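These notes concern the structure reproduced below.
The values are calculated or read from the model by the stated rules, or taken from the named source; none is laboratory data. Computed from a predicted model, the values in this text were never measured in an experiment. Here the Cβ positions follow ideal geometry from the backbone for every residue, glycine too, while neighbour counts run over all protein chains shown.
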């Protein structure tokens, strides 16, 4: 069965390491923070200028001057630091963030990603997404394997305007965990109860299926 | 008679305006701070990362962590700020400093300046001088008109390696105040008792002498 | 030191000299740390054909959004817009131009503008629409695009506290784009919650040194919250 | 949060992994704010063929000058050198290479190295020996040269206080090149006068956020003064 949003976040959380600085995109990626393994600590970076984002404030704690990149009111953890947006993106662009998790509309076998714009619809802008995908070495794209209409989002070539070129190596969908190597998706793990055949069918881009594809365990 | 070091500093100090942020180079330029006109305030920028340099400390105030660009122990004035060298040169390169005063070996009619290196002698380096001359709009070069050997330092073309190209417009020497315009020095003022003839004789680069050349008054 | 006293007496004075067709760089992220009253003064003044450089464009009726009401904005340079309906309407009607710029590139363009760096290379946007028409260069086997800096005729900035000499500190994440904006204006105007005397702020803890600040004014701020998210106590 | 505790137990551990031929970026200006003990450890270790990026090269017997005694330095990238006789001797003997870099360009090269900016344009050095062989480009009628960023295998930094997570603040003008150096090392090692617990430093007043810091150690400092200038009380 396809992974739930929570299971997707849980699976990504297994990529965390103690002491990681992590940037989580808006949407499902945000949920990853709920599944940090016991005894492990990570610090969340928010690209408006905050390292060490904490939980939402209580009613009493709400402060208009303390928000995250999603413009939500937040708090800080002990040992946090707050700085300008230029400093924040120096960290991001300079490759200092250990893991970046973000959503996407499409990913292709060259590691291209499209995530910010659907022509014909109103363009709201890329925000920090282009900097995040260009700056990070370690990125996990978190998205459903296929669109609501059943179209694959793992393509031979992205059809939508790109957020970044050749920068994605890891994709977690509701059906599988895949890595991008030498112009192909490599199927590394499948969701519990999901067959290799279903994944093959729903992957439009070149897919390499190893002899053994372990099932994720939750 | 040629100006003394103090008179040179006094003359330059007349270019100050209330509220000016000023960078003074090592040597005679430093003396300018002693002649800030009554009722006028300027703030001294030191390129290691200090805006609002004060006087030398007393023995008790000496602090190894508080120095200026000449590596001298200093103090701060009220309202000073202290920052990184990158920030300091952002100010300088970005043209935020109102007046820069520095010494030179040679200046030429194209506004070129040579001030940091004499081939054959050991090269110690340019420090911040290249950034200062490239970044400032308003620069006054302060030097003797001729070398100890009597050679003019105001040339058709600099002979020493340049500190900056085409960036100097104002020169104060011990004999005269000159401006550089359209490929020539223009004689604006002469030191008390110094004749136009002497200045003409000691200026190697093209010199324009207006009908009237006022004498400086001290 | 009267020459360093940056305090002006009114918002009218604070924005004096702003003319039609000018470029204004504004600090703030979403509605956080925005120069509310300076924006309101631009609205009151009615200056038109402005190019506004700001990460976002406020919301309907608040922040930079208010400048859309009388069509004062010709062009926005932003990373993320469209949190308001009027913006969308004017954009679709072709009455408003938008130059979408990645957030980190936008921050760096402002910093570079203030720091005398006319252009820099970044990997951000290479191979995307943002990179189209821009110089590409390879360093260490990776491709980068050349991005030019931004300067403004005016920069409008929101600080927390400042001394009379214009040394500014920001509060929490209301810092965001404000320090870079402050460096990049030919005339930089800062409004703060509190003006203190010189010497009251620690010299090593100044976010924006006074050299960047031309005018300073103390104001009252609504500080509207865009996404009020809370947890149970 | 054990994963964020950057404190190491010894200077040996602090500089572990430094190998012959590596590039080391050092904070400090003159003898002010230099990582005295980290430099001493490099001397003790005897690592050779080093490229050192630092505004200056210390003096005879103190600061980076001590690394010259056993000829550990192959190349210096600095804006101003020659405050010591040994340096001059090795330079003239061709045993030492020097790449003179304008001070502001050097600071910006370090910052760019840490910030993912591979190169930037500056007017500094155009038309001089510094500009020779470098790309020239015109912006708004003025000529600029292209300068590439600098990264180090190690960065060695001197702070004043830091919390265990590596959030650092600097004291007075001992800040200088330290914050940029801290961003530009593959491994950044910071020594400070005092280590405090996380939460003791104001989050909005951190000069170097812990994300840049890999190793942290508390030391004792001589803080030698290069030009002791005093006035009568």
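Observations, loosely collected:
- Hey, residue C:108 buried (at least 24 other Cβ atoms within 10 Å of the Cβ) and in contact with a strand residue (DSSP E or B) (Cβ under 7 Å, 6 or more places away or on another chain) or not: yes
- Selection within region A:123-146 - in contact with a strand residue (DSSP E or B) (Cβ under 9 Å, 6 or more places away or on another chain) and under 17 Å from residue A:185 (Cβ atoms): A:139, A:140, A:141, A:142, A:143, A:145, A:146
- Among the residues making up region A:1-27, a single one is out of contact with any helix residue (DSSP H, G or I) (no Cβ under 9 Å at 6 or more places or on another chain) and closer than 17 Å to residue A:52 by Cα: A:26.
- Of all residues in region A:82-99 being in contact (Cβ under 8 Å) with a residue 24 or more places away in the chain and in a helix (DSSP H, G or I), the one that is farthest from residue D:188 (Cα to Cα): A:85
- Those residues of region A:43-57 which are touching a helix residue (DSSP H, G or I) at 6+ places or on another chain (Cβ under 9 Å) and more than 8 Å from chain D (Cβ to nearest Cβ), in sequence order: A:44, A:46, A:47, A:48, A:49, A:50, A:53, A:55
- Filter result for residue A:127 (facing another protein chain (nearest Cβ under 10 Å), surrounded by fewer than 23 Cβ atoms within 10 Å (Cβ to Cβ), within 19 Å of the chain's Cα centre (by Cα) and outside any strand (DSSP E or B)): no
- In region C:61-98, the qualifying residues are those that are without any contact (Cβ under 8 Å) to a residue 24 or more places away in the chain and part of a helix (DSSP H, G or I), and the one that is surrounded by the fewest Cβ atoms within 10 Å (Cβ to Cβ) is C:92.
- Applying the condition of being more than 14 Å from every other protein chain (Cβ to nearest Cβ) and more than 11 Å from the chain's Cα centre (by Cα) to region B:14-30 and asking which residue is surrounded by the fewest Cβ atoms within 10 Å (Cβ to Cβ) yields B:14.
- Residue that is surrounded by the most Cβ atoms within 10 Å (Cβ to Cβ) [pool: residues in region A:143-199 that are free of Cβ contacts under 8 Å to residues at least 40 places away in the same chain and more than 21 Å from residue A:2 (Cβ to Cβ)]: A:181
- Screening region D:133-147 for residues that are within 14 Å of chain B (Cβ to nearest Cβ) and touching a strand residue (DSSP E or B) at 6+ places or on another chain (Cβ under 9 Å) and picking the one that is surrounded by the fewest Cβ atoms within 10 Å (Cβ to Cβ) gives D:138.
- All positions within region A:67-77 that are in a loop (DSSP other than H, G, I, E, B), more than 7 Å from chain C (Cβ to nearest Cβ) and without any contact (Cβ under 8 Å) to a residue 40 or more places away in the chain: A:68, A:74, A:75
- Filtered by the rule that a residue be more than 21 Å from residue A:80 (Cα to Cα) and in contact with a helix residue (DSSP H, G or I) (Cβ under 6 Å, 6 or more places away or on another chain), region D:185-221 gives D:219, D:221.
- Consider region C:153-175 and keep the residues that are at the interface with chain A (Cβ under 8 Å from one of its Cβ atoms) and more than 26 Å from residue B:52 (Cα to Cα). The one that is surrounded by the fewest Cβ atoms within 10 Å (Cβ to Cβ) is C:172.
- Residue within region D:195-214 that is more than 13 Å from chain A (Cβ to nearest Cβ) and either assigned to a loop (DSSP other than H, G, I, E, B) or farther than 14 Å from residue D:4 by Cβ (or both) present: no
- With a requirement of 2 or more residues that are touching a helix residue (DSSP H, G or I) at 6+ places or on another chain (Cβ under 8 Å), the strands (runs of 3 or more DSSP E) lying completely within region B:131-185 that satisfy it span B:139-142, B:176-181.
- Single condition residue D:56 does not satisfy, out of (1) touching a helix residue (DSSP H, G or I) at 6+ places or on another chain (Cβ under 7 Å); (2) surrounded by 21 or more Cβ atoms within 10 Å (Cβ to Cβ): (1)
- Of B:33, B:9, B:64, B:2, all but one fail to be more than 15 Å from the chain's Cα centre (by Cα) and either within 22 Å of residue D:179 (Cβ to Cβ) or in a helix (DSSP H, G or I) (or both); the exception is B:64.
- Residue C:184 vs. criteria more than 8 Å from every other protein chain (Cβ to nearest Cβ), within 12 Å of the chain's Cα centre (by Cα), within 29 Å of residue A:133 (Cβ to Cβ) and buried (at least 24 other Cβ atoms within 10 Å of the Cβ): yes
- Qualifying residue in region B:145-162 (condition: facing chain D (nearest Cβ under 9 Å), within 17 Å of the chain's Cα centre (by Cα), at pLDDT 95 or above and more than 30 Å from residue D:179 (Cα to Cα)): yes
- Here residue B:40 fulfils each of the conditions (1) surrounded by 19 or more Cβ atoms within 10 Å (Cβ to Cβ); (2) at the interface with chain C (Cβ under 8 Å from one of its Cβ atoms); (3) out of contact with any helix residue (DSSP H, G or I) (no Cβ under 6 Å at 6 or more places or on another chain) apart from (1).
- Residue D:150 vs. criteria under 19 Å from residue D:22 (Cβ atoms), in contact with a strand residue (DSSP E or B) (Cβ under 9 Å, 6 or more places away or on another chain), in a loop (DSSP other than H, G, I, E, B) and within 13 Å of chain B (Cβ to nearest Cβ): yes
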